[in-house]
Structures are given as C-alpha cells and as structure tokens.
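J.: Before anything else, here's the structure in question.
The values are calculated or read from the model by the stated rules, or taken from the named source; none is laboratory data. Keep in mind the model is a prediction, meaning the values are calculated, not measured. Note: ideal-geometry Cβ built from the backbone for every residue, glycine included; neighbour counts use all protein chains shown. These area figures cover heavy atoms from the full protein model, side chains too; ligands, DNA and RNA do not enter into them. Shrake-Rupley method; radii C 1.70, N 1.55, O 1.52, S 1.80 Å.
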Amino acid sequence: MSKKAVAIHWFRKGLRLHDNPALMDACKGALLVYPLFILDPYFAKPQFVGQNRYNFLLESLRDIDNNLRQRYNSRLYVVQGKPHEVLPKLFEEWKVT
C-alpha cells in the first residue's frame, strides 16, 4: 500500500491512543496525520451533557494532547463547529487526500 500524503483521524467516542485501530491505520497509510476532535455546539448544550461529563471530556482531550506531544511529536487539533461544516474546510486547508 502506498502512503497518501495527508489524513485526518477524527476522535469521536474512542478517546484513546492505545488500542485504536482507526488511528493505527491512518498512521500506516499516510505521511502526515492530523489528530482531530470537533466540539460540536449541538452536543455541548446542558440538556445533553452535564458539567461533570463535559469537564471529563476536556480532561481527556488534554490527556490525549499531552500524550501526542510527548510520545509522537504531534498534537491534538480541537476545533469548534458542526462537523459537516468544519471537516470540508479542514480537508481543503490541510490538503487531505
């Protein structure tokens, strides 16, 4: 398999680096991988997510970012917006193939 130039790994529910087959496949198949989490404003509403759960999410994102920085010389990109609006813009900006 030839490596594609750029890929995105979108962290959604599986907020871990180890035991993450999709992340491993992205790393094997691309020269550059952008680890990404999208804070969807729809799900950030209090009626969907309580304060403790939201704080846990933020702590988990910080942990992933710290691990990416320390172990892989990378980082977690966190953007806010609706995925169907954010992803096409990032595909173009990062030249995802």
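J.: Regarding Val6, is this residue β-branched (Val, Ile, Thr), open to solvent by less than 90 Å² (accessible area, probe 1.4 Å), touching a helix residue (DSSP H, G or I) at 6+ places or on another chain (Cβ under 9 Å) and at pLDDT below 95?
T.: Numbers: β-branched (Val, Ile, Thr): yes; open to solvent by less than 90 Å² (accessible area, probe 1.4 Å): yes; touching a helix residue (DSSP H, G or I) at 6+ places or on another chain (Cβ under 9 Å): yes; at pLDDT below 95: yes.
It is true that Val6 is β-branched (Val, Ile, Thr), open to solvent by less than 90 Å² (accessible area, probe 1.4 Å), touching a helix residue (DSSP H, G or I) at 6+ places or on another chain (Cβ under 9 Å) and at pLDDT below 95.
J.: If Glu59 meets every condition in (1) within 26 Å of Glu85 (Cβ to Cβ); (2) open to solvent by 30 Å² or more (accessible area, probe 1.4 Å) apart from one, which number is that one?
T.: Condition (1) is where Glu59 drops out.
J.: Further, regarding this structure: Which members of segment 30-43 meet the condition of being of a type outside the set (Asp, Glu) and within 19 Å of Leu76 (Cα to Cα)?
T.: Ala30, Leu31, Leu32, Val33, Tyr34, Pro35, Leu36, Phe37, Ile38, Leu39, Pro41
Results for (1) open to solvent by 100 Å² or more (accessible area, probe 1.4 Å); (2) within 21 Å of Thr97 (Cα to Cα); (3) in contact (Cβ under 8 Å) with a residue 40 or more places away in the chain; (4) among the acidic types (Asp, Glu), shown as yes or no for each residue.
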residue	(1), (2), (3), (4)
Arg16	no, no, yes, no
Phe43	yes, no, no, no
Pro46	yes, no, no, no
Tyr54	no, no, no, no
Arg71	yes, no, yes, no
His84	yes, yes, no, no
